[in-house]
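One structure below.
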Amino acid sequence: MSRLSAIALFFIMTVLAPFATAQAINLDSVIREAGAGANTSRVADLRRWKIGNYTVEAQDKKAYVTINGTRIYTGRALSCANGKMFVQKRDWDKHLAPIVAPSKKDVPAAKKIVIDAGHGGKDPGKTEGKMREKSYTLDIAKRLQRILSKHGYTVELVRSNDTFYELADRSKKANALQADLFVSIHFNAAESKSARGVETWMLTPVGEASFANKTQKKKADTGNRYDAWNLLLAYKVQSALANKIDAEDRGVKCANFTVLTELKCPGILVECGFFTNAAEAALIARTNRRELIAQGIADGITAYAATLNTLKGVKPAPAKAPATSKRTNSLLRRR
Ligand SMILES: [Zn+2]
């Protein structure tokens, strides 16, 4: 090799290679190709598009996008250059497209749901005063089971009493039950007493680092087959839950949680609030708050299932008019 070509090769390997592996694409082009209108933001470093029922916002240097106000954390920060907004191709594929332009291929079912009440038995989870996470997760799981059963879903619980299960055994149980969907219920704690709100976690896609972790994931887990559906489910549940209980929306984040890695169906882990925030803990201790949390998660699952049906071309069943409504009307008319 000549000295010149050696220098050229060195230049390519060290200077250009990082750009080649990090494939950035023009977000404005790709989102408009997917059906979005023109950017309506008047701020230079912020872009805003309408696509279907969604408002998508992306800002320079932020490692997230927002969809109808909910943050979806991305693997890398977005960047503005020459008046254009760039996003990593992987971030578009894994963190945006599955919500705003979901695929009609291999759409999963959403009939059998397995709910995992976090912790249990010898593992109390987070504790704060008299509050034990394991009791509160079980309470939410049972409420969620009741609500979803009423909606016609088949619902199984990983644990229905104060039993300890290893993390891997929880997903094994869901797989053995041939679950279509898995949701693990947890409560949060933080050093900062002011931290509050709800967040939903999905399995980290390959090539990305988990939230608050710099190491890139090298090998796919079984659960990564469902990256796109994990995100759609996480987004629907996160936005529905935050709206239902009017809590701070902490967004959709990625982690390689053991309970999610071996799942053979879409799955998420929901953190339903902070024990370490006095105001939020006082709310969680109330029955009506816990019922609302369960309703919010159920709303999200129902919205996810409705989206799957739309993608499959299944028309929603016509809403049944309440049995009494006609009679009431005619009585009114007679008066
Ligand atoms: Zn927990």
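The values are calculated or read from the model by the stated rules, or taken from the named source; none is laboratory data. Predicted, not measured: the structure shown is a model, and the values here were computed from it. When we count neighbours, we look across all protein chains shown, and the Cβ atoms used for this are built from the backbone with ideal geometry, even at glycine.
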Self-check item: Flag if residue 137 is hydroxyl-bearing (Ser, Thr, Tyr) and within 14 Å of the ligand (Cβ to nearest atom)
Solution: yes
Quiz prompt | Within region 271-289, tally of residues that are touching a residue at least 60 places away in the same chain (Cβ under 8 Å) and out of contact with any helix residue (DSSP H, G or I) (no Cβ under 6 Å at 6 or more places or on another chain) | solution = 9
Exercise. Mind listing whichever residues of region 176-194 are part of a loop (DSSP other than H, G, I, E, B), away from the ligand (no atom under 15 Å from the Cβ) and farther than 18 Å from residue 110 by Cβ?
Key: 191, 192, 193, 194
Quiz item: Could you give every pair whose Cβ atoms fall below 6 Å, whose first residue belongs to region 292-307 and is within 11 Å of residue 240 (Cβ to Cβ) and buried (at least 18 other Cβ atoms within 10 Å of the Cβ), and whose second residue is small (Gly, Ala, Ser) and modelled with pLDDT of 95 or more, counting only separations of at least 6 or pairs across chains?
Solution: 296/240; 299/240; 300/240
Practice problem: Return a yes/no flag: does region 113-122 have any residue that is at pLDDT below 95 and either out of contact with any strand residue (DSSP E or B) (no Cβ under 8 Å at 6 or more places or on another chain) or surrounded by 17 or more Cβ atoms within 10 Å (Cβ to Cβ) (or both). | Solution: no
Quiz item: Is it the case that some residue within region 201-213 is within 13 Å of the ligand (Cβ to nearest atom), touching a His at 6+ places or on another chain (Cβ under 7 Å) and in the same structural domain as residue 272 (by TED's automatic domain parsing)?
Solution: no
Exercise. Might you let me know whether region 262-276 holds any residue that is assigned to a helix (DSSP H, G or I), modelled with pLDDT of 95 or more and surrounded by fewer than 22 Cβ atoms within 10 Å (Cβ to Cβ)?
Key: no
Quiz prompt | Residue satisfying condition, being more than 28 Å from residue 168 (Cα to Cα) and within 16 Å of the ligand (Cβ to nearest atom), within set 280, 271 | solution = 280
Quiz prompt | Given (1) within 19 Å of the chain's Cα centre (by Cα); (2) not in a helix (DSSP H, G or I), index of the condition residue 125 fails | solution = (1)
